[in-house]
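Heads up: the structure comes next, in structure tokens.
What follows is calculated from the coordinates using simple rules that are stated; it is not laboratory data. All of these numbers come straight from a predicted model, not from anything done at the bench. Note that we place each Cβ from the backbone using ideal geometry, even for glycine, and neighbour counts take in every protein chain shown.
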Amino acid sequence: MSTRIAFLKGHGTENDFVIVPDPENVIDLSPAAVAALCDRRAGIGGDGLLHVVRSAAHPEARDMAAEAEWFMDYRNGDGSVSEMCGNGVRVFARYLQRVGHVAAGDIAVATRGGVKTVHIAKDGDITVGMGKARLPEGGVTVSVGERSWPARNVNMGNPHAVAFVDDLAHAGDLYSPPPFSPAGAYPQGVNVEFVVDRGPGHVAMRVYERGAGETRSC
């Protein structure tokens, strides 16, 4: 027996998402169901899924309901749960505006990485206050093939390992997660950014997002 699920598609700078409105949190979105929906050949296709739920209706967000009416229950494309997604929360806010739940201006959105303030400008631009980056101590190394680089541990509500490289091609095909060490540095996996310095105030980047693979932006 099949279940009918209403959905939309959205993207933030080509980081794309399946959007599932479910204000009262009544849809059972198992990891397998999310992975099937995000499959680009057999499903709808997306880097991740935005489950739109009222904070008061979700056990992980009830304590944030006084600050934020809406909770972004974010899932990676493989069905795993994630704390936060910067582009995702922008698309989430656009959906809320489109259906009339919020108006232009500042809105609060609950996430597993805390409450984020999103600004919807009158011209349509959407920006998000991600908060101050946390830089946990401890050396991290990421590898691709025979090459390895020291990486900076950066936490934006979710974990990142940022490695400066000489050439973005050194990141390889990014079909699988780049190995990192020490093995216990990221028990839930990590987003890995390979960055090239292009000059003052300008970098180029390729990213492997955990649970999604290489994405167009992060």
Next on the checklist: If I model the stretch 1-95 as equal point scatterers sitting on the Cα atoms and use the Debye formula, what is log10 I(q)/I(0) at q = 0.12, 0.14, 0.19, 0.21 Å⁻¹?
Outcome noted: -0.34, -0.46, -0.85, -1.03
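In the stretch 78-133, what is the volume of the convex hull around the alpha carbon atoms, normalised per residue and reported in Å³? Provide the component values of the computation, followed by the final result.
Values: hull volume 5.3 nm³, N = 56.
Taking the convex hull of the Cα positions in the stretch 78-133, it is 94 Å³ per residue.
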Checklist outcome for this item: The residues Ser80, Ser55, sorted from fewest to most surrounding Cβ atoms within 10 Å, come out as Ser80, Ser55
Next on the checklist: Can you give me the convex hull volume of the Cα atoms of the chain, divided per residue and expressed in Å³?
Outcome noted: 143
Checklist entry - Extent of the stretch 105-149 along each principal axis, from alpha carbon coordinates, in Å, largest to smallest? => result 49, 23, 16
Item to check | For Glu214, distant residues with modelled amide H under 5 Å away | outcome: Glu209
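Chymotrypsin sites (Phe, Trp or Tyr not before Pro), restricted to the stretch 149-193: which are DSSP loop and have at most 16 other Cβ atoms within 10 Å?
Tyr175
Fewest to most neighbouring Cβ within 10 Å: what's the order for Glu137, Glu193, Glu209, Glu60?
On the way: Glu137 5, Glu193 23, Glu209 26, Glu60 14.
Exposure proxy ranking, most exposed first: Glu137, Glu60, Glu193, Glu209.
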Item to check | Between the stretch 52-113 and the stretch 1-43, the alpha-carbon center distance in angstrom | outcome: 15
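Taking the number of other C-beta atoms within 10 Å as the exposure measure, put His160, His170 in order starting with the fewest.
Details: His160 20, His170 15.
In increasing order of surrounding Cβ atoms, one gets His170, His160.
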Checklist entry - Per-residue ellipticity at 222 nm for the chain, helices alone: DSSP H runs ≥ 4 residues times -39500 (n - 2.57), over residue total, nearest 500 deg cm²/dmol? => result -3000 deg cm²/dmol
Checklist entry - What Rg and what Dmax come out for the stretch 149-218 when only alpha-carbon atoms are used, in angstroms? => result 11.7, 35
Checklist entry - In the stretch 1-50, which trypsin sites (Lys or Arg not before Pro) fall in coil by DSSP and have 11 or fewer other Cβ atoms within 10 Å? => result Arg4, Arg40, Arg41
Next on the checklist: Straight-line reach from Lys132: which lysines fall under 28 Å, measuring Cα to Cα and dropping same-chain residues less than 8 apart?
Outcome noted: Lys116, Lys122
Checklist entry - What are the principal axis extents of the Cα atoms in the stretch 11-60, in Å, biggest first? => result 33, 25, 15
Checklist entry - Simple spin-label model, 7 Å along Cα-to-Cβ: Asp28 to Arg147 in nm? => result 4.7
Checklist entry - If you put +1 on each Lys and Arg Cβ and -1 on each Asp and Glu Cβ, how big is the dipole of the chain around its Cα centre, in Debye rounded to 20? => result 260
Checklist entry - So what does the Cα-only Debye profile of the stretch 61-105 read at q = 0.14, 0.16, 0.20, 0.23 Å⁻¹, as log10 I(q)/I(0), no solvent term? => result -0.39, -0.50, -0.76, -0.94
Item to check | Gained length - Arg4 relative to Ala42, 0.36 nm times residue gap less alpha-carbon distance | outcome: 12.1 nm
